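Novice: Mind having a look at this structure? Questions to follow.
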2 protein chains.
Amino acid sequence: MSTLSALHGSPAGLLPQPYLLFLGDTTEPGYAKTAYGLRDWAGDMCLGEWSCGATVSTGLPMLTPEEARTRGAHGLVIGVANAGGFIPDSWIAALVEALEAGLDIVSGMHMRLADIPRLAVAAERLGRRLIDVRTPPRGIRIASGNKRSGKRLLTVGTDCALGKKYTALALARAFAMRGVDVDFRASGQTGILIAGSGIPMDATVVDFSAGAAEMLSPAAHAQHWDVIEGQGSLFHPAYAGVSLALLHGSQPDVFVACHEPGRTHVLGHPEFALPTIQQVIELTVQLGQRTNPAIRCAGVSLNTGHLDADAAQELLARTATQLGMPAADPMRGGESFDRLIDAALNEQAGA
Amino acid sequence: MSTLSALHGSPAGLLPQPYLLFLGDTTEPGYAKTAYGLRDWAGDMCLGEWSCGATVSTGLPMLTPEEARTRGAHGLVIGVANAGGFIPDSWIAALVEALEAGLDIVSGMHMRLADIPRLAVAAERLGRRLIDVRTPPRGIRIASGNKRSGKRLLTVGTDCALGKKYTALALARAFAMRGVDVDFRASGQTGILIAGSGIPMDATVVDFSAGAAEMLSPAAHAQHWDVIEGQGSLFHPAYAGVSLALLHGSQPDVFVACHEPGRTHVLGHPEFALPTIQQVIELTVQLGQRTNPAIRCAGVSLNTGHLDADAAQELLARTATQLGMPAADPMRGGESFDRLIDAALNEQAGA
């Protein structure tokens, strides 16, 4: 995972890395997605795990906050959610113990850490930080629309929750392995925990959303790439606004269209048919041209996790033929993914 | 102006109407736009004006807060802005006097009233409200996308600040004069002061913006019309996100495209050419179909205030011919405006 360190490009990391991952008292693996994502994508920033009675595990060494602090940890990350998205009373003593061991606490949950009196008091007493990564930074400005130097890639999608973050992470890692100077730019809470910085686009005030996207991928040298995590979908009845603001503010040179084969309707909105990949590509080009007339699609990312290898290969080949562009599953890698990278970087296939 | 009372359709008005308009110590008429807008569009809700040394005037009776309270006023509205968008110290004594007279204070400025300690203390002591109409209501939900009963018209535009609010107000007033059951739905602070309720769309958190638009124009009986004030432009490099969220959440049956003839570039963004009216119509239909497949354009509203009557008439006729639909200046009214209303209500021309 060491190549990912190259992706933690923001000044010294705004978040207190490396982390100790906290699993609470979680018994349901589905609730530990954040911890698994951190292990998979920022493994070199995760020293171990700790819990107060969890049965799930990331496989990382079990460390107390004091042991983790001794080994260099600076933050305890709440790596699990529960059904209500809140922090139960049964976790508080453990969280206070982490503060006392010298760790800051980092959360991507809806509930604010500082709204829990016992945590607020302990953090104040110990001079530790309570960091809610769903809170946008101060000082976001209205978007200027001005062209910035450097190159940008944005992942877009037919819907929410189908692989835009993983695709961006995989692309950034692959760019770095080719020697490209690249930063992964996180636009959601899990991505921010992985990258150590970023802006939670969905929590910005709408008048400032495009400005937040501009701030997220600042001007850079001409050969530098930002690979930006997409949000929502231009066809989503609730979230199209954030997708358009992110597209306009990111002014991407290149985008990759993400889709989960078999999904037919918008998640949670069964009355809305999913757009086709082709429709997403066309609308992204049409609207993206407003801030970057040269925008182009590099190809398609399919989340084929539910298919066996042969079926996935067949689907990727068929999609590539149908759309006339590379189609890959970044989690499977392989030649099709190489072709997608080639197309994104505008290099000769096989170069 | 009494027809406008019919437009204050929200339950009992969330704002403390009728108003006394406060002009501060303003000497520059351009800074008193909010007061003029209230006089012009909610004249029956404005009992008088008051100031602490202003030279501008709305022409309404000069009343002290006590006199206004005696005549039935419930709120003092700050009807002026200044260059910095803040409330100067020199106004505070006057505002406290209004609280003491029994008036709530209503502001559409960026600065929060409750952040001014002397006002906060006085309001607390006197049991009066400090109301910032830029603050969105609580309880906004994620948009469902579900079709709501009743009919909706949205004003859209080629840019900001060119007549979307005035067009919506004029359309709502004209609908009411034809006996249509109609509510004007305000999406910005001045509109909210005029209507007595509404949601400041630009201040909503982007994930909830389409949901706020759904809340702004709730389900109604089949023959009821909401005429919704538009925001921004789908082509605006900073504000397209709010425009798209408002379009999706409003799910309008009909829209009117607003433009200011002669404007060639986006206000404050000289590098961005203004889209044509035709482009705005096509993109609004294309994107609006996502939540209302039957969306249609009723016609065009041109802000011809800078032209003489003949030139305006000629331009409106030419625009109508070019686009094949009614084109009117609602501030001028006349037959072309009647045709726009006919088209919006889908009635025979001249009916």
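Novice: Which translational diffusion coefficient, to the nearest whole µm²/s, is obtained for the protein assembly as shown from the Stokes-Einstein equation, given a Kirkwood hydrodynamic radius over C-alpha pairs, 4 °C and 1.567 mPa s?
Specialist: Calculated translational D: 47 µm²/s.
Novice: Another one. In terms of Cα to Cα distance under 16 Å, which aspartates and glutamates are near enough to A:K147, apart from those fewer than 8 places away along the same chain?
Specialist: A:E214, A:D226, A:D253, B:E271
Novice: Select from segment A:124-168 those trypsin sites (Lys or Arg not before Pro) which occupy a DSSP coil region and have at most 12 other Cβ atoms within 10 Å, ordered by residue number.
Specialist: Hits after loop and neighbour filter: A:R138, A:R141, A:K147.
Novice: Something else: Applying the Karplus parametrisation 6.51 cos²θ - 1.76 cosθ + 1.60 with θ = phi - 60° to the phi angles of segment B:55-63, what ³J(HN,Hα) value in whole Hz is obtained for each residue in order, glycine and proline being reported as x?
Specialist: For segment B:55-63, the Karplus-derived couplings read 9, 7, 8, 8, x, 7, x, 7, 10 Hz, x marking Gly and Pro.
Novice: In addition: Would you pull out the residues with amide H under 5 Å of A:G230's amide H, same chain only if 5 or more places away, H placed 1.01 Å from N?
Specialist: Long-range HN contacts for A:G230: A:T155.
Novice: Enumerate the amide H contacts of B:F255 below 5 Å, restricted to partners 5 or more residues apart or on another chain; note that Pro and chain-start residues carry no placed amide H.
Specialist: For B:F255, whose amide H was placed from the backbone, the distant partners under 5 Å are B:L154, B:R296, B:C297, B:A298.
Novice: Given the C-alpha centroids of segment B:277-322 and segment A:30-85, what is the distance between them in whole angstrom?
Specialist: 57
Novice: Moving to a separate point now. May I ask you to sort B:E260, B:E347 by Cβ crowding, counting other Cβ atoms within 10 Å and putting the fewest first?
Specialist: Sorted ascending by nearby Cβ count, the order is B:E347, B:E260.
Novice: Here's a follow-up. Please report the antiparallel percentage of DSSP beta bridges with both residues in chain B, rounded to the nearest 5.
Specialist: Approximately 5 percent, going by the DSSP bridge assignments.
Novice: Still on this model: For B:K151, which lysines qualify as cross-link partners when the Cα separation must be under 22 Å and same-chain residues fewer than eight apart are set aside?
Specialist: Within the straight-line limit of under 22 Å, B:K151 reaches these lysines: B:K164, B:K165.
Novice: By count of other Cβ within 10 Å, fewest leading, how are A:H110, A:H74, B:H248 ordered?
Specialist: Fewest-to-most Cβ neighbours within 10 Å comes out as A:H110, A:H74, B:H248.
Novice: Can I ask one more? If you take the charge dipole of segment A:151-345 about its Cα centre, with +1 on Lys and Arg Cβ and -1 on Asp and Glu Cβ, which of A:C160, A:L302, A:L247 is farthest toward its positive end?
Specialist: A:L247
Novice: Shifting gears a bit: Nearest 500 deg cm²/dmol is fine: what mean residue ellipticity at 222 nm does the protein assembly as shown get from its DSSP H runs of n ≥ 4 alone, each adding -39,500 (n - 2.57), divided by its residue count?
Specialist: -9500 deg cm²/dmol, from helical runs alone.
Novice: Put a point 7 Å out from Cα along the line to Cβ at B:G179; what are the distances to that point in the other copies, in nm, shortest first?
Specialist: List, nearest first: 8.1 nm.
Novice: Once you keep just the Cα pairs under 8 angstrom separated by 6 or more residues, what percentage relative contact order results for segment A:100-234?
Specialist: That works out to 33 percent.
Novice: Fewest to most neighbouring Cβ within 10 Å: what's the order for A:H259, A:H265?
Specialist: Ascending number of Cβ neighbours within 10 Å: A:H265, A:H259.
Novice: Now, a different point. Using the crude model of +1 on Lys and Arg Cβ and -1 on Asp and Glu Cβ, and no other charge, please compute the dipole size for segment A:151-345 relative to its Cα centre, in debye to 20.
Specialist: 240
Novice: Please report the antiparallel percentage of the DSSP beta bridges confined to the protein assembly as shown, to the nearest 5.
Specialist: 5
Novice: Note down the magnitude of the dipole of chain A about its Cα centre, charges +1 on Lys and Arg C-beta and -1 on Asp and Glu C-beta and zero elsewhere, to the nearest 20 debye.
Specialist: 860
Novice: Quote the convex hull volume per residue of segment B:2-132, based on C-alpha atoms, as a whole number of Å³.
Specialist: 102
Novice: Using the C-alpha atoms of chain B, what convex hull volume per residue, in cubic angstrom, is computed?
Specialist: Dividing the Cα hull volume of chain B by its residue count gives 138 Å³.
Novice: Hey, for A:Q279 with labels 7 Å out along Cα-Cβ, what do the inter-copy distances come to in nm, ordered shortest first?
Specialist: In nanometres, ordered from closest: 2.4.
Novice: Still on this structure, please answer the following. Write out the trypsin sites (Lys or Arg not before Pro) in segment A:172-212 meeting two conditions: DSSP loop, and at most 16 other Cβ atoms within 10 Å of their Cβ.
Specialist: Counting only loop positions with at most 16 other Cβ atoms within 10 Å, the trypsin sites (Lys or Arg not before Pro) in segment A:172-212 are A:R178.
Bear in mind these aren't lab numbers, they're just calculated from the coordinates by the rules spelled out. Every value quoted in this text rests on a predicted model; they were computed, and no experiment measured them. All Cβ positions, glycine included, derive from the backbone under ideal geometry; neighbour counts span all protein chains shown.
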